[in-house]
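See structure below.
The values are calculated or read from the model by the stated rules, or taken from the named source; none is laboratory data. If you're wondering where the values come from, they're calculated on a predicted model, not measured in any experiment. Because the Cβ atoms are built from the backbone with ideal geometry, glycine has one as well, and the counts that use them run over all protein chains shown. These accessible areas exclude ligands, DNA and RNA; they are computed on the full protein's heavy atoms, side chains included. Shrake-Rupley method; radii C 1.70, N 1.55, O 1.52, S 1.80 Å.
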Amino acid sequence: MCPERQVYLLDPQSLPPETIAVTFAKTSRSPQSFRDIAAELTEEKSAAFHEKWVVGYGHASVAEHAVLHIAVENVSRLAIETLESCRLASYTEKSTRYQKWGTEDFYRPPELAGHSLEKRYLETCRTLFAHYHEALPKVREVIAAQFPRRSDEDENAWERRIRSKYVDVCRFYLPAAALANVGVTINARALEHTLRKMLSHPLEEVRALGAEIKAVAQASVPTLVKYAEAVPYLQTLPRQLAREIPAVPPEMEDWCHLVAWDHNAEETALAACLFRYSHLSFEQARQAIRERSPEQISTLARMILGGLDRFTPPIRELEHVGYTFVLVLDQGGYLELKRHRMMTLSPQPLSTYLGYTIPRAIEAAGLLESYEQVMSTADQTYRELAAWNPDVAAYVVPNAFRRRALVRLNFRQAWHMIALRSAPNAHFSLRRLAQRMAERIREATPLLGQFLLVHPEETWQQIETQYFLRA
Ligand SMILES: Cc1cc2nc3c(=O)[nH]c(=O)nc-3n(C[C@H](O)[C@H](O)[C@H](O)COP(=O)(O)OP(=O)(O)OC[C@H]3O[C@@H](n4cnc5c(N)ncnc54)[C@H](O)[C@@H]3O)c2cc1C
């Protein structure tokens with residue numbers, strides 16, 4: 001008789017993560033049910049299995065079945081960048097859009113303890129936070145005048161409606177030292193990789209955080225992250241590459257520069273879709289596309305991409321087409337962009353060298369002069385600190401300063417990101433970016449680009465004019 005289908009949970013409340021991982025791993029060689037395999041395992045046997053197979057023979061994917069939920073509190077946004085750099089994990093972080101920071105909620109780097117620039121660093125951070133607090137009620141007034149309370153709305157509902165709008169503006173003051181909490185869900189393999197990066201990091205905070213996360217994780221997965229150590233390659237390569245960099249001042253370029261996209265991108269995408277549902281060779285699928293009239297091509301593209309909504313992404317074959325952008329945006333915006341995991345993101349180090357942006361509401365609130373003064377102070381402090389230690393100097397850089405990144409993403413991810421980040425509830429920095437990226441993709445690949453779900457009621461130029469005095 002045909003064995004009956006079985007579906008059940010391995011309960012993480014009764015089985016430790018390492019035992020669950022071994023239970024799944026053993027199905028590769030054992031004819032027993034998962035329940036029976038799990039019943040025979042102990043924590044010691046699981047640890048011995050991982051030592052032999054995962055650590056000894058490098059069958060690392062087994063560790064992906066051990067999942068951890070790690071709560072991390074009061075770490076700098078700068079340190080969180082490394083923690084969140086893993087593509088295969090999930091994060092939720094204290095939002096600069098919905099929460100407010102206290103005046104002392106910033107990180108004091110131990111590298112600076114007793115250093116002649118320590119006082120300067122503390123003063124600059126305190127000044128930035130003082131300006132942030134001064135700006136909150138003033139920018140609120142501006143936003144409140146733009147979005148007055150409706151007759152059917154009570155005070156709390158109105159505050160909720162306008163809160164993110166004025167907090168969105170004030171976040172430009174916050175330096176990378178601002179502390180945040182982040183919840184991380186990650187499997188042991190991805191965690192080991194993240195720990196290796198953290199333990200190799202030039203900043204003491206990141207290394208110490210890596211060591212703490214490792215210690216905490218070992219209570220749950222004693223074997224799987226035990227051997228995570230600093231990686232000499234990650235430690236030395238940045239220094240070696242630094243010696244190869246020509247000594248020229250950095251140049252500004254178009255802030256949303258589509259540097260490259262795939263040759264014959266549209267033909268490739270459509271051929272990939274035919275290929276997927278056929279037995280054709282890829283060359284035959286290409287030929288089938290080439291033989292179609294422009295009208296037939298257009299109909300086929302509409303069949304694949306037309307009529308989708310935000311919650312129904314296009315089929316995976318749209319990933320066979322990629323775009324490379326150089327993007328320059330404010331650090332606050334960059335911190336949101338980096339949360340998109342299905343792309344390759346190469347940010348340059350955080351610095352003040354590309355200048356700072358000015359939200360228009362700062363001027364409307366009568367804060368322009370003091371804003372420029374405090375940004376200039378932060379810039380000077382950064383430069384003095386950077387002459388000694390550019391990694392530590394980055395802590396003092398406010399969200400207003402620009403950050404440049406090289407980004408490679410496929411059409412499917414671009415479709416998702418643009419739909420999410422051009423929506424009216426997204427931050428204006430991201431809305432501007434999403435609109436401009438959509439424009440670039442449409443210029444390069446109009447057949448595919450016409451189907452991007454970009455919010456139709458504004459353009460990047462309108463956003464720039466409405467929200468930025470200087471973008
Ligand atoms: C209006 C708004 C408010 C936000 N507020 C906050 C906030 O307060 N705090 C905060 O931390 N973040 C916040 N975010 C960021 C948000 O939670 C996402 O982390 C970010 O937008 C990345 O997008 P994504 O998760 O859809 O997927 P991406 O990382 O862009 O990945 C693309 C797609 O791949 C799939 N995918 C990727 N990784 C996984 C995975 N591990 N498991 C399952 N599917 C996966 C999903 O289908 C996903 O849509 C906010 C975003 C928006 C738009």
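The relative contact order of segment 1-65, computed from alpha carbon pairs under 8 Å that lie at least 6 residues apart in sequence, is 37 percent. The mean accessible area for residues of the chain, using a 1.4 Å probe and ignoring ligands and nucleic acids, is 50 Å² per residue. Take every pair of alpha-carbon atoms less than 8 Å apart whose residues are at least six positions apart; their mean separation over the length of segment 105-190 yields a relative contact order of 45 percent. Annotation note: chymotrypsin sites (Phe, Trp or Tyr not before Pro) in segment 300-384 located in DSSP loop regions with a Cβ neighbour count of at most 11 within 10 Å are 311. For segment 1-65, the residue among 41, 28, 17 whose Cα projects farthest onto the positive side of the dipole built from Cβ charges is 28. Within the accessible area of the chain, what % is carbon and sulfur when the probe is 1.4 Å and the other protein chains stay in place? Ligands and nucleic acids excluded, carbon and sulfur give 53 percent. P(r) for segment 1-65, from all Cα pairs and a bin width of 10 Å, is 21, 54, 20, 5, 0 %, short bins first. For an R0 of 25 angstrom, estimate the FRET efficiency from the Cβ-Cβ distance between residue 100 and residue 208 and round to the nearest 0.05. Taking R0 as 25 Å, the efficiency between residue 100 and residue 208 is 0.40. Subtracting the Cα-Cα distance of residue 252 and residue 346 from 0.36 nm times their residue separation leaves 32.2 nm of extension gain. Taken along the Cα-to-beta-carbon direction at a fixed 7 Å, the label points for residue 35 and residue 388 span 6.5 nm.
Summed over qualifying helices (DSSP H, 4 residues or more, each -39500 (n - 2.57)) and divided by its residue number, the chain shows a 222 nm mean residue ellipticity of -14500 deg cm²/dmol.
Taken about its Cα centre, the chain carries a charge dipole of about 420 debye when Lys and Arg each add +1 at the Cβ and Asp and Glu each add -1 at the Cβ.
Annotation for segment 213-303: GluC sites (Glu not before Pro) lying in DSSP loop with at most 13 further Cβ atoms inside 10 Å of their Cβ are 229, 244, 251, 253, 291. When the trypsin sites (Lys or Arg not before Pro) in segment 190-263 are filtered for DSSP coil states and for at most 13 other beta-carbon atoms within 10 Å of their beta-carbon, the remaining sites are 243.
When the Cα positions of 447, 273, 324 are compared along the charge dipole of the chain, 273 comes out farthest toward the positive end, with charges on each C-beta of Lys, Arg, Asp and Glu. Once both labels are positioned 7 Å from their Cα atoms along Cα-to-Cβ, the gap between residue 376 and residue 291 label points is 7.0 nm. Put a dot 7 Å past the Cα of residue 91, heading toward its Cβ, do the same for residue 74, and the two dots end up 2.1 nm apart.
This model, with +1 at the C-beta of Lys and Arg and -1 at the C-beta of Asp and Glu, gives segment 1-65 a dipole about its Cα centre of some 240 debye. Under 5 Å from the amide H of residue 179 lie the amide H atoms of 106, 107, each residue being 5 or more positions distant or on a separate chain, with H modelled from the backbone and absent for Pro and chain starts.
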